[in-house]
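Some notes on the structure that comes next.
The values are calculated or read from the model by the stated rules, or taken from the named source; none is laboratory data. A quick note: this is a predicted structure, and the numbers were derived from the prediction, not measured. No Cβ is skipped: glycine too gets one built from the backbone with ideal geometry, and neighbour counts run over all protein chains shown. Surface accessibility is based on the protein's heavy atoms, side chains included, excluding ligands, DNA and RNA. Shrake-Rupley method; radii C 1.70, N 1.55, O 1.52, S 1.80 Å.
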Amino acid sequence: MMVVLSQMVSVTGLTTFTNIPQNFTHLQIRYQGRSTNATATDTFFLRFNADTTGPYYYTFSYNNYNGSSTTNSSNGGYMNLGLMPGATVASNFFGGAIVDIYNYTSTTKTKSIKALWGFDTSSTGSTGHTTGYWTGTSAITSIQFGTASAGDAANAVATLYGITSSSTYGVSAP
Amino acid sequence: MSVFLEPLASYTITSGNTGNLGLANIPQQFTDLMLIAQFRCYTGSNNVQNLWQWFNNDGSNLNTATRLWGYAGSTTANYEGATFPSVLSLLNGGGSPANTFTSATMYIPNYTSNFAKQFIFSSGSTTNGTNQYTYRVAGRYNSTNPITAIAWQNDAGGFAAGTSIDLYGILRKGV
């Protein structure tokens, strides 16, 4: 696994990875963030290739301090990945997430993702597992990422990794 | 030095359909294994076929699994006792939207140890906005033999073109 790009948000806003190299098999984003929106939580999301029409389909399964729920839905503008802390929680609380993006260079497959995410805010918190796909079949060359309402707060960090699959170990398949 | 995600094997079905998928002769010099895979059944509609898994060509009832899945407004868990093979999750069928796949990741710690083998599996079917599943599975292969082979099968009709399995090795060493 190799670091492709790393970006720390020093001012409020969103992370955009552009000119993503096409020589890996899968991508992974590791993220720590919080929103500038004046709420307890905010949606965090991604958008591929600046496509704001989609649609993006997702299943959002989560637990918090008082129960669990699953939502199946779609969105034209972006992929809803889960929740991050908002600006009304303590200023040093950041949520975490790992997002897998499968076979991102394929030009025949729709692009599917899996996100594991969570945060704790002392008395409350959420943890979730989100899967979904973007209906586009183009290779992914850019990813916009962050909290949806007003962008990420300072010190949010998103790092993009590339995972190759080229092997010389002689494992037999199928 | 530790090694993270060393590619060990990569296989993609390029045309037609394939019945069983399997990896054998898995190298034994790593500590953990990671699988990144995409599955689509050749036949069937949305989420009607199971993904089955077994290790080491072992047909004994040594597989157990605790599953948590989310679907259409609810989250459900169950436990499956001692079976062969083990059911992991539901899959995209041949009738699901074109070019869609169930994507999955599996982590197998200490696969060469002489303890029972445990794994963590997660997946998501990607069929449409109202008929999708997420799965998280904690599974056990109750054998003390090192894992040298892994195999997968669906209920019927085999896997479709585009189905891919990538296996990685992880080596944990202290600094």
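General remarks:
- Restricting segment A:136-155 to residues that are within 21 Å of A:Thr25 (Cβ to Cβ) and among the polar types (S, T, N, Q) leaves a set whose member that is surrounded by the most Cβ atoms within 10 Å (Cβ to Cβ) is A:Thr141.
- Apart from one condition, A:Ser122 fits all of (1) at negative phi; (2) over 17 Å from the mean Cα position of the chain (by Cα); the exception is (1).
- Residue in segment A:105-114 that is in contact with an Asp or Glu (Cβ under 7 Å, 6 or more places away or on another chain), crowded, with 22+ Cβ neighbours inside 10 Å and of a type in the set (Lys, Arg) present: yes
- Annotation: B:Asn20 fulfils all but one of (1) within 24 Å of B:Ser143 (Cβ to Cβ); (2) crowded, with 17+ Cβ neighbours inside 10 Å; the unmet one is (2).
- For segment A:127-174, a residue qualifies if it is outside any loop (DSSP other than H, G, I, E, B) and either more than 16 Å from the chain's Cα centre (by Cα) or facing another protein chain (nearest Cβ under 8 Å) (or both), and the qualifying residues are A:His129, A:Thr130, A:Thr131, A:Gly132, A:Tyr133, A:Ile163, A:Ser172.
- Of the strands (runs of 3 or more DSSP E) contained entirely in segment A:31-81, not one carries at least 3 residues that are in contact with a helix residue (DSSP H, G or I) (Cβ under 6 Å, 6 or more places away or on another chain) and within 14 Å of chain B (Cβ to nearest Cβ).
- Of all residues in segment A:108-126 being in a loop (DSSP other than H, G, I, E, B) and among the polar types (S, T, N, Q), the one that is modelled with the lowest pLDDT: A:Ser123
- Top-ranked residue in segment A:74-100 [being of a type in the set (A, V, I, L, M, F, W, C) and farther than 15 Å from A:Gly118 by Cα; ranked as least open to solvent (accessible area, probe 1.4 Å)]: A:Met79
- Residue match in segment A:66-73 (condition: without any contact (Cβ under 8 Å) to a residue 12 or more places away in the chain, open to solvent by 30 Å² or more (accessible area, probe 1.4 Å) and on the phi > 0 side of the Ramachandran plot): yes
- Strands (runs of 3 or more DSSP E) completely within segment B:61-175 that count 1 or more residues being at negative phi, surrounded by fewer than 17 Cβ atoms within 10 Å (Cβ to Cβ) and out of contact with any helix residue (DSSP H, G or I) (no Cβ under 8 Å at 6 or more places or on another chain): B:63-71, B:74-83, B:102-108, B:117-124, B:134-141, B:164-171
- Counted residues, segment B:1-35 - those being hydroxyl-bearing (Ser, Thr, Tyr) and within 7 Å of chain A (Cβ to nearest Cβ): 3
- Count of segment B:31-59 residues which are more than 20 Å from A:Thr130 (Cα to Cα) and either among the basic types (Lys, Arg) or free of Cβ contacts under 8 Å to residues at least 40 places away in the same chain (or both): 1
Results for (1) within 17 Å of B:Val137 (Cα to Cα); (2) small (Gly, Ala, Ser), shown as yes or no for each residue.
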residue	(1), (2)
B:Ala9	no, yes
B:Ser15	no, yes
B:Pro27	no, no
B:Ala65	yes, yes
B:Gly70	yes, yes
B:Ser86	yes, yes
